[in-house]
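Student: Sharing a structure with you now.
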Amino acid sequence: AVVSTQSTGRINVLGDITLFPAHITKALAQLQLQTLDNSEFFLNLCLAYTTRDEITHSVECMAQGVVAGDLRVTDINETLMDQCMYSEDLPPVDMLLRTSGEVRLSDFMIWQANFAALQFVKVLWPDFGFWHLIGSLLDFQRHEPLISQNRATYKPFLQRMTRAELSAVAHTEHCTLSSHEDCHFNEAISEAYIETHRNRTENFINNLKDERRKLLENCAEITVAGA
């Protein structure tokens, strides 16, 4: 697989590429490696992908991190889960468009589409044309202000909730009194614990990215029979 040296786009494959025949796995790995440092636009391909598999894979990564001592159980939260998904570097889904008239998501990007506008179009994908897209975009424009408002509200709520949970853990671990009601809350202890949590999870995610890159490099070197 060869990508033009003038290409500025990045190709991401969301899914388990090792499930494909060797020659396809190798080509997909090479495409991703060759465009890994590009950032002008992204082409995301969901291949051998389901949300159930993606969530399972993310949970397995975090569980392995706990077993290896790279994470603590109390480090696991929604933010870390988000960073362990196949879509780790991608923005959230704005609009999820389903053709064929079927009103179901078929286990597709359900985690990422929690605030997305859902479009169900009664036309088969090969027949989906320009005007179908325009109609979907116009309908999305009606929902976009509410979507943006919900995201803007949820993000600080999640940050406050995560901070409160981490502070509670720090408080519990450092309080030696029999009743936590009698313990005076120490802000410095809380801040120190949160900073330790942040460093620990950042190191874990960086290591996870390195492992995923090594997997691509190994897949790109697969020997294909008959090639």
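The values are calculated or read from the model by the stated rules, or taken from the named source; none is laboratory data. Quick caveat: nothing in here was measured; it's all calculated off a predicted structure. Methodologically, a virtual Cβ is constructed for each residue, glycine included, from the backbone with ideal geometry; neighbour enumeration extends over all protein chains shown. The area values use the complete protein model at the heavy-atom level, side chains included, leaving out ligands, DNA and RNA. Shrake-Rupley method; radii C 1.70, N 1.55, O 1.52, S 1.80 Å.
Student: Please build a GNM for the chain, connecting alpha carbons under 10 Å apart, and tell me which residue among Asn199, Asn114, Asn12 fluctuates the most.
Tutor: Looking only at Asn199, Asn114, Asn12, the largest GNM fluctuation is found for Asn199.
Student: Given charges of +1 on the Cβ of Lys and Arg and -1 on the Cβ of Asp and Glu, with all other atoms neutral, how large is the dipole of region 84-227 about its Cα centre, in debye to the nearest 20?
Tutor: Here the size comes out at about 480 debye.
Student: Would you mind telling me the share, in percent, of accessible area of region 1-100 contributed by carbon and sulfur at probe 1.4 angstrom?
Tutor: 54
Student: Go ahead and estimate [θ] at 222 nm for the chain from helices alone: -39,500 (n - 2.57) per DSSP H run with n ≥ 4, summed, over the residue count, rounded to 500.
Tutor: Estimated from H runs of four or more residues: -18000 deg cm²/dmol.
Student: Separate question: Return the sequence-ordered ³J(HN,Hα) values of region 61-66 in whole Hz as given by the Karplus equation 6.51 cos²θ - 1.76 cosθ + 1.60 applied to θ = phi - 60°, using x for Gly and Pro.
Tutor: Going residue by residue, I get 4, 5, 4, 5, x, 5 Hz, with x marking Gly and Pro.
Student: What does the accessible area per residue of region 186-227 come to in Å², with a 1.4 Å probe and no ligands, DNA or RNA counted?
Tutor: Ligands and nucleic acids excluded, the result is 66 Å² per residue.
Student: Using a 1.4 angstrom probe on the protein heavy atoms only, line up Glu102, Glu211 by accessible area, largest first.
Tutor: Working: Glu102 80, Glu211 115 Å².
Heavy-atom accessible area, descending, gives Glu211, Glu102.
Student: Work out how much length Lys122 to Arg160 would gain on full extension: take 0.36 nm times their residue separation and subtract the Cα-Cα distance, in nm to one decimal.
Tutor: Details: separation 38, 0.36 × 38 = 13.68 nm, distance 4.16 nm.
Taking 0.36 nm per residue and subtracting the Cα distance, the gain is 9.5 nm.
Student: Please report the net charge: other residues with Cβ closer than 13 Å to the Cβ of Ser148, K and R +1, D and E -1.
Tutor: Result for the local shell: +1.
Student: Gaussian network model of the chain, Cα springs within a sub-10 Å range: biggest mean-square fluctuation belongs to which of Met109, Met161, Met62?
Tutor: It is Met161.
Student: Send over a whole-number figure in Å² for the accessible area per residue of region 48-183, probe 1.4 Å.
Tutor: The answer is 63 Å² per residue.
Student: Amide H to amide H, which residues 5 or more places from Cys46 or on other chains are under 5 Å from it, using H placed in the peptide plane?
Tutor: So Cys46 has HN proximity to Leu14.
Student: Where a ≥ b ≥ c are the square roots of the eigenvalues of the C-alpha gyration tensor, would you call region 1-125 rounded, which needs a/c under 1.5, or, failing that, prolate if a/b is larger than b/c, or oblate?
Tutor: Oblate is the answer for region 1-125, as a/c is 1.5 or above yet b/c matches or exceeds a/b.
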